[in-house]
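Down below is the structure, laid out as structure tokens.
The numbers here are math on the coordinates, done by the rules we state, and not lab data. Since the structure is predicted, the reported quantities are computational estimates derived from the model, not experimental observations. Reconstructed Cβ throughout: ideal geometry from the backbone, glycine too, with neighbour counts over all protein chains shown.
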Amino acid sequence: MKKDKTMVKNSFVSGAFMVTLGIFISKILGIIYVIPFHAVIGEIGGALYGYAYTIYLFFISISSAGIPLAISKVVSEYQTLENYEAKERAFYLGKKIAMIAGFVSFLFLMIFAPILAQFILGDLNGGNTVEDVTYVIRIISVAILIVPLLSIYRGYFEGHRFMNPPSISQVIEQIVRITVILIGSYLVLDVFKLSLRDAVGVALLGATIGAFSAYFYLLKKKFENKRKFIGKSRTALKVTDKQIIHKILYYAFPLILIDLSKSMYNFVDTFSVVGGLVKYAHYKAVDAEVIVSMLSTWGSKFNMIVTAIATGIVVSLIPNLTQSIVKKDHEASQKIINQSIGMCIFLTIPMTLGIAFLSQPIWNLFYGKNIDGFTLLSYYIFTGLFSSVFTVCVTIVQVYKDYKTLIISLIGGVLIKILFNVRLIYSFYQMGFPAYYGVITATLFGYLFAIVYCFIHLAFKRRINFEQLLNNFVDVLCGTILMGVVLLVVKLLIPIDSTSRLVNIGIIFLYAVIGMIVYFSFTYRTKTIQKLFGNRINQILKKK
């Protein structure tokens, strides 16, 4: 058998890089396809797609979101203790738990889809119907039967620090999903002349087909490299199935809470924004649904690019931080924490500012000229930044098993979102600002509460020194501000308002290149890059 070069264990930095790269490529593909997809299904179709997908993500959070990372943590722990037999049983039991949870969620959505649809739309008329929303919820629910199992396999690979196969599987899943979305929706509407509801239903079916493709890829990789997962246990300690299940659920529960809380922010919007805009900002139902589609479907695609960075870092963070905690190496734990948060802000802050600055040409390029569109994006993209830092911080607290702090930060943030969502819609409308700014601001308030609470806990209870992180943050902020000033100067010479998609591509590329050169040059001179990513960066740049 040929040697599989992808099956190589990764260090924290290289692991984070590989996972982030895979997720980033996946999200880039997810960005590109929306241009033709938007042209096919339009704003109302986008709202319908967003209703179903938001509910799907919420139930995925319940059925499987925490279990893959829990499996990664448990596998890493037993691997470190050289208890390989318990490690394999944990994998088997994790699959059973995920499949049961997935089936229960699938059954719930199939039965209660009409009630959920009624909650979303209420008595509003003029846009999508309750029957339409019911139909698409049932279509997307099928994906919940396979996605949890796929996630378990990813967690198993990642727990062994084999980061490449899970990353590749994400790219495969996205490619297949996008192919089904584009070809399927086009055929349904333009060839077979069926309804918009049918087109959205076929597009949502892409999630199921993509997940199956990725699952079979990982199944094949595990079979081809089974010797790399097998070892002879060097411990006489026996672990029962009950103990393993308890450990998986003990680790999974807070992870489920983390994903569930993030899904709740969109879930709250799904059930309150349309009614809030109609009642308190005097929107027509159709116009309110357009805003919802921008938030849940079209604008969120750009947020996914930013949050992909945090996802990649977290996947590598969990097994590495777990290992240092098991070994009671406080210095290593502190380094990993500062490095993970530092890497997150290093990449997400300039990216967020860049997208906000270029929101007009970006929106014009992907969806055509729309004042509400790029105005919304320029502010909404900051929720991606806050969500990324939030994800890394609460994951660190979870790895330490500080569950009281975790629950307070998560529930506190969601409650702030619920309490302020509709109130801020009305407040921003009264102040003369776009009413949907209230929705975005409520999300930022919720994330900010959780982030600050986690930082305070880590500093005082876990004695984590954030001095180096603060220094890196100042450098990142200065580099980002310098980048923004340079881009403003360039804007005086080269305007960013154009209706031509070809011109917009040139504008985005030019400004992105200039911004990256300025930012990376500054952070390289301040040695921020070297501090966060190691001396290997220095060696690579010197070779060039």
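Per-peptide packing, taken as the mean over residues of other Cβ atoms within 10 Å, places 516-527, 154-165 in the sequence 154-165, 516-527 from highest down. In terms of its alpha-carbon gyration tensor, segment 279-318 comes out prolate; a/c meets the 1.5 threshold, and the first ratio a/b outweighs b/c. Grab the beta carbon distance between residue 501 and residue 118, set R0 = 60 Å, and tell me the FRET efficiency rounded to 0.05. The calculated FRET efficiency here is 0.95. Using a cutoff of 8 angstrom between alpha carbon atoms and counting only pairs six or more residues apart, the relative contact order for segment 112-248 works out to 27 percent. Three principal axis extents of segment 290-374 based on alpha-carbon atoms, in descending order, are 55, 21, 15 Å.
Packing, as the average of other Cβ atoms within 10 Å across residues, places the peptides 96-103, 306-313, 326-333, 446-453 in the order 306-313, 446-453, 96-103, 326-333, highest first. Only helices enter this figure: runs of n ≥ 4 DSSP H residues, each worth -39500 (n - 2.57), summed and divided by the residues of the chain, yield -28000 deg cm²/dmol at 222 nm to the nearest 500. Subtracting the Cα-Cα distance of residue 448 and residue 28 from 0.36 nm times their residue separation leaves 148.5 nm of extension gain.
Taking 12 Å as the straight-line reach from the Cα of residue 247, the aspartates and glutamates in range (excluding those fewer than 8 positions away in the same chain) are 77.
As a proxy for reagent exposure, 416, 115 were ordered by neighbouring Cβ count within 10 angstrom, fewest first; the result is 115, 416. Restricting the calculation to Cα atoms, segment 21-69 shows an Rg/Rh of 1.08 when the hydrodynamic-style radius is the Kirkwood one. Cross-link partners for residue 222 among the aspartates and glutamates, with Cα-Cα distance under 14 Å and sequence neighbours closer than 8 places in the same chain left out: 4, 88, 158. Database note for the chain: Cys without another Cys beta carbon under 4.7 angstrom, 344, 478. Sorted largest first, the principal axis extents computed over the alpha-carbon atoms of the chain equal 68, 57, 48 Å.
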